[in-house]
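A short worksheet on the structure shown next.
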Amino acid sequence: MNNTRMPNLFVVGAMKAATTSLHNYLALHPDIFMTRDPWKEPGFFVKELNWNKGWDWYSNLFSEAETQKFRGESSTDYTKSPHYAGVPERIHAACPDAKIIYIMRDPIERAISQYWWEVEFSAEGRNMPQGILENPWIMNASHYALQITPYLELFGEDNVFTLTTEALVKEPKQTLIDLFTWLGVSAEIELPEQFDVHNKSKASVNKFIAAGLVSKLKGSFVWDILKKSISPQLKAKLLKSMSRKVEKDDGNHADVVELLRPIMQPQVAELTTLTGKRYDEWTTLFPATRQ
């Protein structure tokens, strides 16, 4: 392990919560080096992903870093517990002095966004709301208290910074000033007045025509073998060749919201207890601002 190249800054999620935008904003700062394409999300500390590539491979992702105070990466797979287990512990064992950043979006909106991602890239065949409620990967990724608790316990509250997508979109400059101040780097740099959208949501997605079969296979022994034996490139080609274009329904999803709200409101209350922050900006959970 090359300790001079190891990171000390991690954006750990959440998926579909503007992590790419945050990664790129951090990379603008002269005192922060962030990993670059194609490894903005290396997912190294996930055993099921790139852990077996080894420390030399991982540390080489930071080889272009010079004298920056921070060397960072952003991997949303680091907050997908319990499906990817032991990630916070591996990060802490290797980088005990690291700073952790966790950006969160309205959990219902995030779940809907991930559902459409699953439709296009993971052959999800179920319609909403079943495709969300019956998919623990989606439900657990929106359970922010579940995901951030081990980081708080391992790294301590002073080394974990939480923010919301909504704050970054509404006030990117002030949000970044707060973040840079927390990191102890200068906020006297040119900062955006308006939010710059990365990975903008598409109006339509490719839906796998055999998605029903795939949904039945998911989680099975056969599915695990197929995932390990098929390369990402081949998977992408297969999905594209066996897909049809469907229009995304980006309406208000009142039925989905009504089903998810009683599940997620207690989870956000738990998050508030952990962080000491209110989340009134998450309007699907709190339709009217609480007094």
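What the table shows:
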| quantity | calculated |
| --- | --- |
| Test: residue in segment 99-120 that is over 14 Å from the mean Cα position of the chain (by Cα) and in a loop (DSSP other than H, G, I, E, B) | no |
| Yes/no for GLU171 being farther than 20 Å from PHE10 by Cβ, assigned by TED's automatic domain parsing to the domain that holds THR20 and either surrounded by fewer than 19 Cβ atoms within 10 Å (Cβ to Cβ) or touching an Asp or Glu at 6+ places or on another chain (Cβ under 8 Å) (or both) | yes |
| Among the residues listed as THR149, THR79, THR165, the single one being surrounded by fewer than 20 Cβ atoms within 10 Å (Cβ to Cβ), under 19 Å from the mean Cα position of the chain (by Cα) and among the polar types (S, T, N, Q) | THR149 |
| In segment 274-291, the residues that are at pLDDT 95 or above and either over 16 Å from THR164 (Cα atoms) or among the acidic types (Asp, Glu) (or both) | ASP280, GLU281 |
| Test for GLY156: is it loosely packed, with under 15 Cβ neighbours inside 10 Å, without any contact (Cβ under 8 Å) to a residue 40 or more places away in the chain and not polar (S, T, N, Q) | yes |
| Residues being touching a Lys or Arg at 6+ places or on another chain (Cβ under 9 Å) and either closer than 21 Å to VAL87 by Cβ or in a helix (DSSP H, G or I) (or both) - total across segment 122-132 | 2 |
| Segment 263-283, subset without any contact (Cβ under 8 Å) to a residue 60 or more places away in the chain and not in a helix (DSSP H, G or I), residue nearest to PRO107 (Cα to Cα) | ASP280 |
| Count - residues of segment 126-142 that are surrounded by fewer than 20 Cβ atoms within 10 Å (Cβ to Cβ) and either among the hydroxyl-bearing types (Ser, Thr, Tyr) or touching a residue at least 12 places away in the same chain (Cβ under 8 Å) (or both) | 8 |
| Where a residue in segment 165-185 is without any contact (Cβ under 8 Å) to a residue 12 or more places away in the chain and closer than 28 Å to ALA111 by Cβ and its partner, wherever it lies, is buried (at least 20 other Cβ atoms within 10 Å of the Cβ) and among the small types (Gly, Ala, Ser), with Cβ under 7 Å and at least six apart | none |
| Residue list for segment 35-81, restricted to those being touching a residue at least 40 places away in the same chain (Cβ under 8 Å), closer than 29 Å to ILE138 by Cβ and in contact with a helix residue (DSSP H, G or I) (Cβ under 7 Å, 6 or more places away or on another chain) | PHE45, VAL46, GLY72, SER74, THR76, TYR78, THR79, LYS80, SER81 |
| Qualifying residue in segment 11-29 (condition: in contact with a Pro (Cβ under 9 Å, 6 or more places away or on another chain) and more than 19 Å from LEU168 (Cβ to Cβ)) | no |
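This table checks each residue for (1) in the same structural domain as ILE103 (by TED's automatic domain parsing); (2) closer than 23 Å to GLN194 by Cα; (3) of a type in the set (A, V, I, L, M, F, W, C); (4) in a loop (DSSP other than H, G, I, E, B).
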site: ALA14; (1), (2), (3), (4): yes, yes, yes, yes
site: GLU41; (1), (2), (3), (4): yes, no, no, yes
site: VAL46; (1), (2), (3), (4): yes, no, yes, yes
site: ASN52; (1), (2), (3), (4): yes, no, no, no
site: THR67; (1), (2), (3), (4): yes, no, no, yes
site: GLU73; (1), (2), (3), (4): yes, no, no, no
site: ASP77; (1), (2), (3), (4): yes, no, no, no
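The values are calculated or read from the model by the stated rules, or taken from the named source; none is laboratory data. Keep in mind that this is a model prediction, so the values were computed, not measured. With ideal geometry, Cβ positions are generated from the backbone for all residues, glycine too; neighbour counts draw on all protein chains shown.
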